[in-house]
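Below: one structure, written as C-alpha coordinates.
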(Lines give C-alpha, C1' and ligand atoms only; values in the text may rest on other atoms or scores of the structure.)
Protein backbone atom coordinates (compact mmCIF):
# COMPACT_ATOMS: atom_id res chain seq x y z
CA UNK A 1 0.00 0.00 0.00
CA UNK A 2 1.27 3.46 -0.92
CA UNK A 3 2.09 5.56 2.13
CA UNK A 4 0.11 8.77 2.42
CA UNK A 5 1.83 11.83 3.81
CA UNK A 6 -0.29 11.71 6.97
CA UNK A 7 1.76 8.66 7.96
CA UNK A 8 5.14 10.08 6.97
CA UNK A 9 7.58 10.80 9.83
CA UNK A 10 8.16 14.28 8.40
CA UNK A 11 4.49 15.24 8.54
CA UNK A 12 4.19 16.94 11.93
CA UNK A 13 7.32 19.01 11.49
CA UNK A 14 6.37 19.99 7.93
CA UNK A 15 2.91 21.10 9.06
CA UNK A 16 4.45 23.20 11.83
CA UNK A 17 6.90 24.83 9.44
CA UNK A 18 4.16 25.53 6.90
CA UNK A 19 2.21 27.32 9.64
CA UNK A 20 5.33 29.32 10.51
CA UNK A 21 5.73 30.35 6.88
CA UNK A 22 2.11 31.48 6.75
CA UNK A 23 2.63 33.45 9.98
CA UNK A 24 5.70 35.15 8.53
CA UNK A 25 3.74 36.26 5.48
CA UNK A 26 0.72 37.36 7.51
CA UNK A 27 2.87 39.52 9.80
CA UNK A 28 4.52 41.21 6.84
CA UNK A 29 1.18 41.86 5.16
CA UNK A 30 -0.51 43.13 8.33
CA UNK A 31 -1.16 46.84 8.10
CA UNK A 32 -0.33 46.97 4.40
CA UNK A 33 -3.79 46.53 2.90
CA UNK A 34 -4.33 49.91 1.30
CA UNK A 35 -2.50 49.09 -1.90
CA UNK A 36 1.14 49.00 -2.90
CA UNK A 37 3.15 50.28 -5.82
CA UNK A 38 3.61 47.50 -8.36
CA UNK A 39 6.06 47.00 -11.17
CA UNK A 40 5.28 44.80 -14.14
CA UNK A 41 7.55 41.74 -14.13
CA UNK A 42 6.20 40.58 -17.50
CA UNK A 43 3.13 42.56 -18.48
CA UNK A 44 0.42 42.20 -17.42
CA UNK A 45 1.80 40.41 -14.33
CA UNK A 46 2.67 42.89 -11.57
CA UNK A 47 5.03 42.39 -8.65
CA UNK A 48 5.23 44.44 -5.45
CA UNK A 49 7.95 44.93 -2.88
CA UNK A 50 5.93 42.72 -0.54
CA UNK A 51 6.02 39.77 -2.96
CA UNK A 52 9.80 39.98 -2.95
CA UNK A 53 10.22 40.57 0.78
CA UNK A 54 7.85 37.79 1.80
CA UNK A 55 9.38 35.20 -0.49
CA UNK A 56 12.87 36.16 0.73
CA UNK A 57 11.81 35.73 4.37
CA UNK A 58 10.07 32.42 3.67
CA UNK A 59 13.10 31.04 1.86
CA UNK A 60 15.28 31.91 4.85
CA UNK A 61 13.04 29.86 7.14
CA UNK A 62 13.12 26.91 4.76
CA UNK A 63 16.88 27.12 4.41
CA UNK A 64 17.14 26.91 8.19
CA UNK A 65 14.54 24.16 8.72
CA UNK A 66 14.88 22.01 5.60
CA UNK A 67 18.16 22.77 3.81
CA UNK A 68 17.87 19.46 1.94
CA UNK A 69 14.53 20.41 0.39
CA UNK A 70 13.96 22.24 -2.88
CA UNK A 71 12.09 25.53 -3.17
CA UNK A 72 10.09 26.86 -6.11
CA UNK A 73 8.72 30.36 -5.76
CA UNK A 74 6.86 32.95 -7.76
CA UNK A 75 9.54 35.63 -7.64
CA UNK A 76 13.01 34.05 -7.59
CA UNK A 77 14.80 31.20 -9.41
CA UNK A 78 14.03 27.68 -8.22
CA UNK A 79 16.36 25.91 -5.82
CA UNK A 80 16.80 22.16 -6.41
CA UNK A 81 13.37 21.61 -8.00
CA UNK A 82 14.18 17.93 -8.60
CA UNK A 83 14.62 17.18 -4.87
CA UNK A 84 12.44 14.52 -3.23
CA UNK A 85 10.63 17.23 -1.24
CA UNK A 86 10.02 20.65 -2.78
CA UNK A 87 8.23 23.63 -1.21
CA UNK A 88 6.20 25.79 -3.58
CA UNK A 89 5.55 29.37 -2.48
CA UNK A 90 3.35 32.14 -3.85
CA UNK A 91 3.87 35.03 -1.42
CA UNK A 92 0.85 37.00 -2.66
CA UNK A 93 -1.64 35.22 -4.86
CA UNK A 94 -3.81 38.01 -6.21
CA UNK A 95 -1.09 40.63 -6.55
CA UNK A 96 -3.23 42.82 -8.80
CA UNK A 97 -5.91 42.97 -6.10
CA UNK A 98 -3.30 43.64 -3.41
CA UNK A 99 -1.65 46.41 -5.40
CA UNK A 100 -5.04 48.01 -6.04
CA UNK A 101 -5.96 47.91 -2.36
CA UNK A 102 -8.62 45.20 -2.76
CA UNK A 103 -8.27 42.72 0.14
CA UNK A 104 -8.83 39.57 -1.91
CA UNK A 105 -5.40 37.96 -1.85
CA UNK A 106 -3.74 35.05 -0.09
CA UNK A 107 -0.39 33.43 0.58
CA UNK A 108 0.00 29.93 -0.85
CA UNK A 109 2.31 27.28 0.58
CA UNK A 110 2.60 23.75 -0.79
CA UNK A 111 4.91 20.83 -0.12
CA UNK A 112 5.38 18.34 -2.93
CA UNK A 113 6.76 14.82 -2.52
CA UNK A 114 8.25 13.54 -5.77
CA UNK A 115 6.16 16.13 -7.60
CA UNK A 116 2.84 15.38 -5.90
CA UNK A 117 1.33 18.07 -3.62
CA UNK A 118 0.90 16.47 -0.19
CA UNK A 119 0.52 19.54 2.05
CA UNK A 120 -1.17 22.84 1.30
CA UNK A 121 -1.92 26.09 3.10
CA UNK A 122 -4.09 28.93 1.83
CA UNK A 123 -3.71 31.88 4.18
CA UNK A 124 -5.95 34.93 3.84
CA UNK A 125 -4.34 37.38 6.23
CA UNK A 126 -6.96 40.11 5.85
CA UNK A 127 -9.91 37.93 6.89
CA UNK A 128 -7.91 35.73 9.24
CA UNK A 129 -8.88 32.58 7.35
CA UNK A 130 -6.36 29.77 7.02
CA UNK A 131 -7.11 26.56 5.16
CA UNK A 132 -4.78 23.62 5.73
CA UNK A 133 -4.71 20.28 3.94
CA UNK A 134 -2.53 17.18 4.38
CA UNK A 135 -2.77 14.10 2.20
CA UNK A 136 -4.63 11.44 4.18
CA UNK A 137 -6.17 13.81 6.76
CA UNK A 138 -9.35 15.93 6.85
CA UNK A 139 -8.75 19.52 5.78
CA UNK A 140 -9.40 22.37 8.18
CA UNK A 141 -10.35 26.02 8.23
CA UNK A 142 -8.88 27.77 11.26
CA UNK A 143 -8.41 24.37 12.89
CA UNK A 144 -11.97 23.09 12.35
CA UNK A 145 -12.69 20.22 9.92
CA UNK A 146 -14.39 21.22 6.66
CA UNK A 147 -16.30 19.45 3.92
CA UNK A 148 -17.05 20.34 0.32
CA UNK A 149 -20.52 20.73 -1.12
CA UNK A 150 -22.95 17.84 -1.53
CA UNK A 151 -24.44 19.50 -4.64
CA UNK A 152 -24.28 17.34 -7.79
CA UNK A 153 -26.05 19.57 -10.33
CA UNK A 154 -24.66 22.47 -12.35
CA UNK A 155 -27.84 24.51 -12.33
CA UNK A 156 -27.56 25.53 -8.69
CA UNK A 157 -23.76 25.69 -8.52
CA UNK A 158 -21.77 28.74 -7.45
CA UNK A 159 -18.47 28.99 -9.33
CA UNK A 160 -15.23 30.60 -8.19
CA UNK A 161 -13.85 31.70 -11.55
CA UNK A 162 -10.33 33.06 -11.78
CA UNK A 163 -9.61 35.40 -14.69
CA UNK A 164 -12.54 35.42 -17.12
CA UNK A 165 -10.53 37.44 -19.64
CA UNK A 166 -8.24 34.55 -20.57
CA UNK A 167 -9.46 31.15 -21.72
CA UNK A 168 -7.56 28.33 -23.42
CA UNK A 169 -8.99 28.24 -26.97
CA UNK A 170 -9.57 24.50 -26.64
CA UNK A 171 -11.87 25.18 -23.66
CA UNK A 172 -13.60 28.35 -24.87
CA UNK A 173 -16.88 26.71 -25.94
CA UNK A 174 -17.00 24.67 -22.73
CA UNK A 175 -16.35 27.75 -20.63
CA UNK A 176 -19.39 29.39 -22.19
CA UNK A 177 -21.46 26.30 -21.41
CA UNK A 178 -20.35 26.46 -17.77
CA UNK A 179 -21.24 30.13 -17.56
CA UNK A 180 -24.65 29.49 -19.03
CA UNK A 181 -25.34 26.35 -17.01
CA UNK A 182 -24.39 27.43 -13.49
CA UNK A 183 -26.29 29.61 -11.02
CA UNK A 184 -23.73 32.39 -10.73
CA UNK A 185 -20.02 33.10 -10.86
CA UNK A 186 -17.66 34.99 -8.57
CA UNK A 187 -14.89 36.27 -10.79
CA UNK A 188 -11.27 36.96 -9.80
CA UNK A 189 -11.66 35.24 -6.44
CA UNK A 190 -8.34 33.44 -7.05
CA UNK A 191 -7.22 31.04 -4.32
CA UNK A 192 -9.66 32.50 -1.79
CA UNK A 193 -12.31 30.88 -3.94
CA UNK A 194 -10.46 27.55 -3.75
CA UNK A 195 -10.71 27.72 0.02
CA UNK A 196 -14.41 28.44 -0.20
CA UNK A 197 -14.89 25.39 -2.41
CA UNK A 198 -13.15 23.30 0.26
CA UNK A 199 -15.42 24.86 2.90
CA UNK A 200 -18.57 24.05 0.94
CA UNK A 201 -19.82 27.62 0.51
CA UNK A 202 -18.92 27.52 -3.19
CA UNK A 203 -19.28 24.49 -5.41
CA UNK A 204 -16.81 24.68 -8.30
CA UNK A 205 -13.54 26.48 -9.02
CA UNK A 206 -12.36 27.15 -12.57
CA UNK A 207 -9.19 28.51 -14.13
CA UNK A 208 -9.64 28.15 -17.87
CA UNK A 209 -6.20 29.32 -18.94
CA UNK A 210 -4.06 32.42 -19.17
CA UNK A 211 -1.47 33.59 -16.65
CA UNK A 212 -2.15 30.84 -14.09
CA UNK A 213 0.72 28.47 -13.29
CA UNK A 214 1.06 25.42 -11.08
CA UNK A 215 2.49 27.71 -8.38
CA UNK A 216 -1.02 29.18 -8.11
CA UNK A 217 -2.66 25.74 -7.89
CA UNK A 218 -0.61 23.21 -5.94
CA UNK A 219 -1.47 24.44 -2.42
CA UNK A 220 -5.20 24.17 -3.12
CA UNK A 221 -5.07 20.50 -4.09
CA UNK A 222 -4.49 18.88 -0.65
CA UNK A 223 -6.94 21.37 0.87
CA UNK A 224 -9.79 20.54 -1.54
CA UNK A 225 -9.05 16.82 -1.66
CA UNK A 226 -8.98 16.60 2.13
CA UNK A 227 -12.47 18.11 2.17
CA UNK A 228 -13.82 15.41 -0.14
CA UNK A 229 -13.30 17.31 -3.39
CA UNK A 230 -11.46 16.58 -6.62
CA UNK A 231 -8.97 18.71 -8.58
CA UNK A 232 -7.54 18.25 -12.07
CA UNK A 233 -6.40 20.48 -14.87
CA UNK A 234 -8.99 21.55 -17.43
CA UNK A 235 -8.39 18.43 -19.48
CA UNK A 236 -8.74 15.94 -16.62
CA UNK A 237 -5.05 15.37 -15.92
CA UNK A 238 -3.40 15.31 -12.49
CA UNK A 239 -1.63 18.53 -11.53
CA UNK A 240 1.95 17.98 -10.39
CA UNK A 241 5.04 20.09 -9.85
CA UNK A 242 6.79 20.57 -13.17
CA UNK A 243 3.74 19.63 -15.20
CA UNK A 244 3.11 23.13 -16.50
CA UNK A 245 -0.60 23.31 -15.65
CA UNK A 246 -2.37 26.54 -16.58
CA UNK A 247 -5.95 25.33 -16.19
CA UNK A 248 -7.84 24.07 -13.15
CA UNK A 249 -11.15 22.41 -12.39
CA UNK A 250 -12.07 21.69 -8.78
CA UNK A 251 -15.35 20.75 -7.16
CA UNK A 252 -16.48 19.81 -3.68
CA UNK A 253 -17.27 16.20 -4.56
CA UNK A 254 -16.36 13.69 -7.32
CA UNK A 255 -19.77 13.72 -9.04
CA UNK A 256 -19.87 17.49 -9.47
CA UNK A 257 -16.26 17.56 -10.61
CA UNK A 258 -16.97 14.96 -13.30
CA UNK A 259 -19.98 16.95 -14.51
CA UNK A 260 -18.09 20.25 -14.56
CA UNK A 261 -15.16 18.68 -16.40
CA UNK A 262 -17.42 17.06 -19.02
CA UNK A 263 -19.15 20.36 -19.58
CA UNK A 264 -15.88 22.24 -19.93
CA UNK A 265 -14.42 19.67 -22.31
CA UNK A 266 -17.60 19.23 -24.29
CA UNK A 267 -17.99 15.51 -23.52
Filtering the range 129-145 for residues that are under 17 Å from the mean Cα position of the chain (by Cα) and over 17 Å from residue 18 (Cβ atoms) leaves a count of 0
Tally up the residues in the range 92-104 that are within 18 Å of residue 19 (Cα to Cα) and either surrounded by fewer than 24 Cβ atoms within 10 Å (Cβ to Cβ) or out of contact with any helix residue (DSSP H, G or I) (no Cβ under 9 Å at 6 or more places or on another chain) (or both), please. 0
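Just one of 126, 152 is modelled with pLDDT under 95 and assigned to a loop (DSSP other than H, G, I, E, B); which is it?
126
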Hits in the range 202-216 (condition: in contact with a helix residue (DSSP H, G or I) (Cβ under 8 Å, 6 or more places away or on another chain) and buried (at least 22 other Cβ atoms within 10 Å of the Cβ)): 202, 203, 204, 205, 206, 207, 208, 216
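Residue-wise test of (1) under 19 Å from residue 23 (Cβ atoms); (2) in a strand (DSSP E or B).
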site: 61; (1), (2): yes, no
site: 71; (1), (2): yes, yes
site: 76; (1), (2): no, no
site: 83; (1), (2): no, no
site: 90; (1), (2): yes, yes
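Condition test on residue 110, is it in contact with a helix residue (DSSP H, G or I) (Cβ under 9 Å, 6 or more places away or on another chain), over 29 Å from residue 230 (Cβ atoms) and modelled with pLDDT of 95 or more?
So residue 110 fails the test.
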Only one of 246, 191, 199 that is over 13 Å from the mean Cα position of the chain (by Cα) and surrounded by 15 or more Cβ atoms within 10 Å (Cβ to Cβ): 199
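Working carefully through the options 173, 198, 205, 180, find the one that is without any contact (Cβ under 8 Å) to a residue 12 or more places away in the chain and not in a loop (DSSP other than H, G, I, E, B).
Exactly one of 173, 198, 205, 180 is without any contact (Cβ under 8 Å) to a residue 12 or more places away in the chain and not in a loop (DSSP other than H, G, I, E, B), namely 180.
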If you take the residues in the range 155-165 that are within 18 Å of the chain's Cα centre (by Cα) and not in a strand (DSSP E or B), which one is surrounded by the fewest Cβ atoms within 10 Å (Cβ to Cβ)? 164
Given (1) in a strand (DSSP E or B); (2) in contact (Cβ under 8 Å) with a residue 60 or more places away in the chain, identify the lone condition not met by residue 103. (1)
Among (1) over 30 Å from residue 7 (Cβ atoms); (2) within 12 Å of the chain's Cα centre (by Cα), the one test that residue 205 misses: (1)
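The values are calculated or read from the model by the stated rules, or taken from the named source; none is laboratory data. Small disclaimer: the values here were computed from a predicted structure and weren't measured. Cβ atoms come from the backbone with ideal geometry, glycine included; neighbour counts cover every protein chain shown.
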